[in-house]
Each structure stands twice: as C-alpha cells, then as structure tokens.
Amino acid sequence: MGYRVTLIPGDGIGPEVTRAAQVVAEATGVSIDWEVAEAGEAAIRSDGTPLPASVLDSVRKNRVALKGPITTPIGGGFRSVNVALRQQLDLFASVRPARALAGEGTRYPETDLVVVREATEGLYSGIEHWVDRDHAAAETVNVITRKASDRICRFAFDYARREHRRHVTGVHKANIMKTTGALFQTAFREVAAQYPDLVADERLIDNMCMQLVKKPSEYDVLVTTNLMGDILSDLCAGLAGGLGIAPGALFGERLAVFEPVHGSAPKYAGQDRADPVAEILCLELLLRHLGEAAAADRVFRAVWETVAEKKVVTYDLALPGYTDRPVPASSCSAMAQEIARKVPLVDPSTPLPRPSARPGVAADPALEG
Ligand code: NAD
C-alpha cells in the first residue's frame, strides 16, 4: 500500500500546478494514494464554506498534504483560508527555500537561502478593528509570544543543523517595535546561544532587504516573524528566479503541508501557462519528508536539468530579456511532462554544476545598520 496524502488543489492556477506535481509523482514510482480535499472557491460552491472541517480532518488523519494556492479576497470577504489552515492545524513553521536553478531567470545564480517564518501569530493574528465610526483610522494587533518565538527560533537552528547549513540570521524590527520586536530578539539570542556550532547574527528588516539584494550569498537561513517572513520569502524567491520556482513547506509538531510561495495567479488560471516548478519542488520536499530521498533527488535533478536545458520551460523562464537566451514558452503541462520524462533517466549521484562557490559567511560590520 502507498502513502496516503491529502491533496488540496486550491484556486486559480492551483489545480493545474498540483496536477503537474501528480504527473511527476507518478514518474517516481513512489506509490501515493491522493485524498482530494477541496478548499477555497470550489469548497464554497460545494460546501458553502471555503474551509470545510473535512479538509482539516483529512490533513490531521494523513499527517501530510500537498496544497495549491488559495485565493483570499482583498480588503473584505472571508478570512484567509491559508491563515486559518495554519492556525487551526498549528502549522507554526513555514520553511521556504530559495534556490537558483541552473542560473536561469536570475541575476544571482548562487542564491541558496531558506526563510523560516513563524506562521501562526504576528500581524496575521486576525485581531483588527476600526478605531472610529468614520473608518478613518484602524488597528491590527501584532501578537508575538515568547512561546511561539522560542519555538520558531529553535526550529530554525535545528533545521540549519539537519540541513548542514552554518549560518542563521534573526530578522526583526526591535529598534522600533520595542515590545514585540524585542521579545522576538530576546528569544532569538537565547536560542542561538544553545547552538555554538552555528554562526548566528541579527539584522533589522530594512537592512536585511538591502543586503539581500546586494549580496544574497552572504546569507543562509533567515528566521523571522509572520509578515516579515512573508515579504522576505517573496524577495528571496525573486532573487532565486521568481515565484514560479519557489517551493515551501509548513510544519507543525506532527503535521506537514507542502505549498508553493506563490499565490493563485488568477490572471493565468485555466490557461495552462503557469510555471509548475514551485509545486513540483513542493513534491520534492514532501518525498524527502516521507523518507523517499532517492525519489526526491530524482525530482530535483529532473527539474534542474529541464530548466538548464531550456527547451521545454514556461513563460517566466523563457521571457526575452530575462535571460540571455530567450526561447518559445511551453505550457505548464508540457513542462511537467518533460520533467516526468526525465525523472527515471537522470543520475542524481553526479554533482550539480554550481554557478559559483558559496563565499564565507563572516558578517561585514560596515554593512550593519
Ligand atoms: P501571486 O503569487 O498569485 O502572483 C504574483 C505574480 O507572480 C503574478 O504576476 C503571477 O502571475 C506570477 N506567478 C505566480 N505564480 C506563478 C507561477 N507558478 N508561474 C508563473 N507566474 C506566477 O500573488 P498575488 O497576485 O498577490 O495573489 C493572488 C491571490 O493568491 C490572492 O488572492 C492571494 O491572497 C493569494 N495567495 C495565496 C497564497 C497561498 O495560497 N499560500 C500565497 C500568496 C497569495
């Protein structure tokens, strides 16, 4: 019998990119029994709610899920399904690796960063209100607790050790947010002291953004609060080659949900145009989580070689002016088929060509601000 995994196709491009990941999963030979659980617009149509209890039950039962993006109405409408899922399942750690693939689609071919984002509190608390009757002033509560800050910092350092990374940077705004920011900063410092084998340093969020754009190879694992992590992970995805290639994973104490950094990209929905790589790399992370490292290595290598070859790639990796070698754009499904075709053929044991070596991680005091 295979692994039973919850599949949440999601909205917009979600059904297309999750289907692409399923095609690649099939090519690995790992037997996965997908239990489809609809959330978002499809669930509103069928169940009258965007997050039916059956979705939460399915993830709790199977303990692992592959998820597509889900649309959140802007400025009104129902609360974010994504945030509700994280809070209700206590998926506290959002791990978002940003790896450049074969140097394509990026000015920073050496990018290899991981953003670890606290995913249950902060400015996503959902506690907000109008201050006056005219709706001319409003407040959103930034909830930061010592418990969640300790937990996410510990997760980041454990993750760094496990993944043979050497450097963890705590990112905050403790100079301005003297309670919430300082609470996170204190937690980071106390946890860091327990990992003397790893380099630990801190950056204020504004300086962090500037430094990432100037020299991303100086950084390794970044740990931060919810909204800062959301913004930083899109920035890091951009450094690595774009939202189309950026996977992510959400971890709780016993549960894991794999979802890309990107959203539902409504303008491409139903057009078979979206890049499937982010969702396929979510599958890679899922296979690793299941202990299927050999299959995961094959998936990563097949993605890498497809991107490097640049014969069958979606528009975002083929855009003229975005790379030095523009090519005709392929469809989402064609790229997925090409990756699936390569999965049994690739040799993951040969080292990947690295566009450039990772330089040292010593912090440059002149750049701290
Ligand atoms: P988005 O990530 O959907 O799109 C941002 C840009 O990236 C767009 O230009 C889009 O076309 C492009 N893009 C995204 N994914 C791509 C892919 N796979 N291939 C090629 N291009 C891709 O962000 P948005 O427009 O800000 O949000 C759209 C909706 O998605 C909103 O409702 C938002 O709330 C939701 N969202 C959901 C999640 C999630 O489910 N975890 C995450 C982010 C945004």
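From the list A93, A98, A102, A119, which residue is in contact with a Cys (Cβ under 8 Å, 6 or more places away or on another chain) and either touching a residue at least 60 places away in the same chain (Cβ under 8 Å) or not assigned by TED's automatic domain parsing to the domain that holds F300 (or both)? Steps first, please.
Working: A93 fails: in contact with a Cys (Cβ under 8 Å, 6 or more places away or on another chain); A102 fails: in contact with a Cys (Cβ under 8 Å, 6 or more places away or on another chain); A119 fails: in contact with a Cys (Cβ under 8 Å, 6 or more places away or on another chain).
Exactly one of A93, A98, A102, A119 is in contact with a Cys (Cβ under 8 Å, 6 or more places away or on another chain) and either touching a residue at least 60 places away in the same chain (Cβ under 8 Å) or not assigned by TED's automatic domain parsing to the domain that holds F300 (or both), namely A98.
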Which of the residues that make up segment 38-50 are of a type outside the set (S, T, Y) and out of contact with any Lys or Arg (no Cβ under 9 Å at 6 or more places or on another chain)? G40, E41, A42, A43, I44, R45, D47, G48
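Taking segment 212-231, which residues are assigned to a helix (DSSP H, G or I) and open to solvent by 10 Å² or more (accessible area, probe 1.4 Å)? It would help to see each step written out before you state the result.
Here is the first cut: in segment 212-231, the ones assigned to a helix (DSSP H, G or I) are 212-214, 216-218, 226-231.
The answer is V213, K214, S217, E218, L227, M228, D230, I231.
For segment 38-59, does any single residue satisfy the condition of being within 27 Å of E338 (Cβ to Cβ) and open to solvent by 10 Å² or more (accessible area, probe 1.4 Å)?
no
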Only one of these conditions is not met by G76: (1) open to solvent by 10 Å² or more (accessible area, probe 1.4 Å); (2) within 26 Å of E309 (Cα to Cα). Which number is it? (2)
So R79 passes all but one of these: (1) within 14 Å of the ligand (Cβ to nearest atom); (2) farther than 28 Å from T145 by Cβ; (3) among the charged types (D, E, K, R). Which condition number does it fail? (2)
Would you be able to say whether some residue in segment 103-114 is small (G, A, S), buried (at least 23 other Cβ atoms within 10 Å of the Cβ) and modelled with pLDDT of 95 or more? no
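Report yes if A98 is out of contact with any Pro (no Cβ under 9 Å at 6 or more places or on another chain) and part of a strand (DSSP E or B), otherwise no. Give the steps one after another, and end with the answer.
Values: out of contact with any Pro (no Cβ under 9 Å at 6 or more places or on another chain): no; part of a strand (DSSP E or B): yes.
Against the criterion (out of contact with any Pro (no Cβ under 9 Å at 6 or more places or on another chain) and part of a strand (DSSP E or B)), A98 does not qualify.
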Since A269 meets every condition but one in (1) farther than 26 Å from A37 by Cβ; (2) within 10 Å of the ligand (Cβ to nearest atom), which condition does it not meet? (1)
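Give C236, C209, C153 a once-over and let me know the one that is part of a helix (DSSP H, G or I), over 22 Å from F92 (Cβ atoms) and modelled with pLDDT of 95 or more.
Values: C236 fails: over 22 Å from F92 (Cβ atoms); C153 fails: over 22 Å from F92 (Cβ atoms).
Checking each option against the conditions leaves just C209.
Pick from segment 276-290 the residues that are open to solvent by 10 Å² or more (accessible area, probe 1.4 Å) and either touching an Asp or Glu at 6+ places or on another chain (Cβ under 9 Å) or assigned to a helix (DSSP H, G or I) (or both): which of them is nearest to the ligand (Cβ to nearest atom)?
The initial filter retains those residues of segment 276-290 that are open to solvent by 10 Å² or more (accessible area, probe 1.4 Å), namely 285, 288-290.
Keeping just the survivors that are either touching an Asp or Glu at 6+ places or on another chain (Cβ under 9 Å) or assigned to a helix (DSSP H, G or I) (or both) gives 285, 288-289.
Values: L285: 15, R288: 20, H289: 18 Å.
Per the stated criteria, the residue is L285.
Conditions (1) touching a strand residue (DSSP E or B) at 6+ places or on another chain (Cβ under 6 Å); (2) without any contact (Cβ under 8 Å) to a residue 60 or more places away in the chain; (3) within 15 Å of the ligand (Cβ to nearest atom), marked per residue:
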residue: N226; (1), (2), (3): yes, no, yes
residue: I231; (1), (2), (3): no, yes, yes
residue: G238; (1), (2), (3): no, yes, yes
residue: I245; (1), (2), (3): no, no, yes
residue: G248; (1), (2), (3): yes, no, yes
I'm trying to understand the selection: among the residues of segment 265-274, which are open to solvent by 10 Å² or more (accessible area, probe 1.4 Å) and assigned to a loop (DSSP other than H, G, I, E, B)? A265, A269, G270, Q271, D272, R273
Quick one: in segment 8-22, of everything that is under 17 Å from the mean Cα position of the chain (by Cα) and hydrophobic (A, V, I, L, M, F, W, C), which residue is farthest from the ligand (Cβ to nearest atom)? A21
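The values are calculated or read from the model by the stated rules, or taken from the named source; none is laboratory data. What you see is a predicted model, and the numbers here were worked out from it, not measured in a lab. Note: ideal-geometry Cβ built from the backbone for every residue, glycine included; neighbour counts use all protein chains shown. Note: accessible area is taken over every heavy atom of the protein model, side chains too, but ligands, DNA and RNA are not part of it. Shrake-Rupley method; radii C 1.70, N 1.55, O 1.52, S 1.80 Å.
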